[in-house]
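FYI, it's all coordinate maths here, none of it is from the lab. What you see is a predicted model; the values in this text were computed from it and never measured.
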Amino acid sequence: MKKFAFSFIIIVNSLLLFTTQSDAQVMVGPSAGFTAAGLYTNDDNVYAGINGQVGVTAHFQITNFLAVRPSVLYRFGSMANSDDNTDKISLNRIAIPVPIVYSHIFPNNGILFGGVGPNFMYNLSGTQQNYYQNGNISFSGDTAQMQRFDVGLDVTGGYQFSSGLSLSLFFNAGLSNISKVPGSTLRSLDAFGFSIGWMFGSASNEQ
């Protein structure tokens, strides 16, 4: 938890300092979408399902071709075991992807963007239903099953129209072992995601 908080503070402060010193143009707005979410274990168990997400996205245009496009998202939904659809895991999570993107501004102020960056996840709550149990997932104590924090890689790309309408695709791969069960591994994966948003503010190709 301390490592996560320390890393997050460093990244946020660096972004704020960078955007302040560079007179970055800022846009912000709501977004919503879905993701083909999954969890996979070291013994090839795969949980998969379509999850929803809602939140806020910002766009900091640093130069004509460089931007930072972070989001704060609430993700929710369930994932079923590919070998047994009665074995399900449901999670409510906060995701904070911070991609650094190539951002091309067209003369009509449309923006084509694509890039990579870290993705920070926090598990708010969860449940698991199968033959052995039907209840809440434990994140702390001697019976802990799963870590709350997950750090991963976010890859995103899309197009923002001059009207503010934004369409994007993304991929998230968790890099942390979020299992707290000794000897087991559990990692997260958003194999495919789609988001639609509306950005307020404007970018200019004259910087």
Below 8 Å between Cα atoms, with a sequence gap of 6+, how large is the relative contact order for the chain in percent?
21 percent
How would you classify segment 85-207 from its alpha-carbon gyration tensor, with a ≥ b ≥ c the square roots of the eigenvalues: rounded for a/c under 1.5, else prolate if a/b is greater than b/c, otherwise oblate?
prolate
Built amide H within the under 5 Å cut-off of S179, gap 5+:
Q147, L186
To the nearest 10 degrees, the tilt of helix 2-21 (Cα long axis) against the first principal axis of the alpha carbons of the chain is 10 degrees
